[in-house]
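The values are calculated or read from the model by the stated rules, or taken from the named source; none is laboratory data. Since the structure is predicted, the reported quantities are computational estimates derived from the model, not experimental observations. Note that each Cβ is placed from the backbone with ideal geometry, even for glycine, and that neighbours are counted across all protein chains shown.
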Amino acid sequence: MNNPHLSIVTTLYRSERFLDKFVAQCQEALAEIKCDNYEIIFVNDGSPDNSLEKVLKLKETNNNIVAVDLSRNFGHHYAIMAGLTCSAGELVFLIDCDLEVPPTQIPTFYNKFVEEKEVDVVFGIQETRKGSFIERTVGGLFYNFFNSLTDTRIPENLLTERLMSRRYVNELITMGDKNIFMAGMMQWIGFKQIPITIKKGQREGKSTYTLGKRISLSMQAITSFSSYPLVMLFRFGFFISTISVITGGYFLIKKLIYPEIVLSGFTFLIVVLLFSTGIIISSLGILGIYIDKLFNQTKNRQTFIIKEIYK
């Protein structure tokens, strides 16, 4: 592949301190693969710092930089979709700008892409999951849980960073999902996808992905790609009903055989009522989540709004 038009897409959220080094490393990597036909797309996802202003300052000395300013904070995955939608490259490289995976890895992805025949995606996976014991454990449990509930298989320790063909990106954009979970969508599409192992560094400063955001993303991932929680809910409800019928029958027969026995168990009754109430509330919650997904999809509301594009 001779000097393709390459789009580098990244998002901005509290990213100001990374941008000088990020752009410098992008230029270094592009020079290594002899690519002078490129664009670096920064999507400002409502960043509260001066990330956008910093990008516009860098743009003064590099006309290949494009800034996409969203109207507010929509979330990382929605900002990624905005960047992919605005990209025009024959190849598109998606990367986070926090330098955990530096842009100097671009030649690694590109060379692998060129070596393989008819490949559409080269995606990165971590050597080992970084972070605390809890983060590593929860991350591993999420991948195992997601893969056990859905037909879409996500490689464990998957990274954001990936090099994609234009036809693959076009299919991703036209999927039309309103509840976006990028990792699942990217695997669901198919095409020939090749993994490469990348060593991921440690982010400078605190991650903006809080525990609450991770839990919310996990819930969105599972409910967007699997109806199995509803099946589990039905089975569990059927099981509880069956146990209730058997227990009721047992006490009824016991009363008929031994009419002098006074059936007692107020405490047991209260426990059963509380347990049943918990099941009902949890069931309504699960149903509500799926109804909310359907509501969002049928509203057909745009998943992001672009306030301005600086080219």
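Checking every residue in the stretch 45-62 against the condition of being surrounded by 20 or more Cβ atoms within 10 Å (Cβ to Cβ) and under 22 Å from the mean Cα position of the chain (by Cα) gives at least one match.
Taking the stretch 1-115 and the strands (runs of 3 or more DSSP E) fully enclosed by it, the elements with 2 or more residues that are in contact (Cβ under 8 Å) with a residue 60 or more places away in the chain and closer than 28 Å to Ile305 by Cβ are at 6-12, 65-70, 91-94. Tallying residues that are modelled with pLDDT of 75 or more, more than 16 Å from Ala79 (Cα to Cα) and touching a helix residue (DSSP H, G or I) at 6+ places or on another chain (Cβ under 9 Å) within the stretch 138-161 yields 2.
Checking the stated criteria, Asn73 turns out to be within 22 Å of the chain's Cα centre (by Cα) and surrounded by fewer than 17 Cβ atoms within 10 Å (Cβ to Cβ). Within the stretch 157-186, being farther than 21 Å from Thr197 by Cβ, buried (at least 18 other Cβ atoms within 10 Å of the Cβ) and hydrophobic (A, V, I, L, M, F, W, C) holds for Val169, Leu172, Ile180, Phe181, Met185. Run Thr174 past the list (1) modelled with pLDDT of 85 or more; (2) touching a helix residue (DSSP H, G or I) at 6+ places or on another chain (Cβ under 8 Å) and report the number of the one that doesn't hold. Only one criterion is unmet by Thr174, namely (2).
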